1. Restricting to region 52-76, what's the tally of residues that are outside any loop (DSSP other than H, G, I, E, B) and surrounded by fewer than 21 Cβ atoms within 10 Å (Cβ to Cβ)?
2. Would you tally the residues in region 1-35 being in a helix (DSSP H, G or I), over 15 Å from ASN56 (Cα atoms) and open to solvent by 50 Å² or more (accessible area, probe 1.4 Å)?
3. I'd like the full set of residues that are within 22 Å of LYS23 (Cβ to Cβ) and either at pLDDT 95 or above or part of a helix (DSSP H, G or I) (or both), limited to region 85-112.
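The values are calculated or read from the model by the stated rules, or taken from the named source; none is laboratory data. Since the structure is predicted, the reported quantities are computational estimates derived from the model, not experimental observations. Cβ placement follows ideal geometry from the backbone for every residue including glycine, while neighbour counts extend to all protein chains displayed. To get the accessible areas, we keep the full protein, side chains included, count just its heavy atoms, and leave off ligands, DNA and RNA. Shrake-Rupley method; radii C 1.70, N 1.55, O 1.52, S 1.80 Å.
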Amino acid sequence: MERGLRAVELLNVPQSPKVLVFKGKCLLLLGHGDEGCSYFHACTELYPNTSFAWNNAAICDLREPSLRPFQREKLQKALDLAYRHEHKEAAQQNLDAYVFWQNNNYQGTFDGTLVY
């Protein structure tokens, strides 16, 4: 993950939704949650029609209990915007898991799928 992040920086890869989300996912998996999530949120602002950014931003926001009730809308938006099969599948699975989790008063942990 760290090598991938360095490579993106060293190669001066142009900013794109995939690059922003890749950086966010790498940082998140490396334990830098706030920084990683900031890339997902930036992507939703810069590229508002990017389904995978909405998916990942919603999963990040589940970390904050006060934001949890609002993530169904983001996950639904991710599903509505998705056009690739794997993005639709991930968004649908995350939405279903979220609804189940919400209906059970957020008991236990949420097991979702980040895209890219």
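1. Counting residues in region 52-76 that are outside any loop (DSSP other than H, G, I, E, B) and surrounded by fewer than 21 Cβ atoms within 10 Å (Cβ to Cβ) gives 10.
2. The initial filter retains those residues of region 1-35 that are in a helix (DSSP H, G or I), namely 2-10, 17-29, 33-35.
Subset that is over 15 Å from ASN56 (Cα atoms): 2-10.
Of the ones still in play, those that are also open to solvent by 50 Å² or more (accessible area, probe 1.4 Å) are 2-3, 6, 9-10.
Residues meeting the conditions: 5.
3. Initial filter on region 85-112 (within 22 Å of LYS23 (Cβ to Cβ)): 86-87, 90-91, 94, 112.
Those that are within 22 Å of LYS23 (Cβ to Cβ) and either at pLDDT 95 or above or part of a helix (DSSP H, G or I) (or both): GLU86, HIS87, ALA90, ALA91, ASN94.
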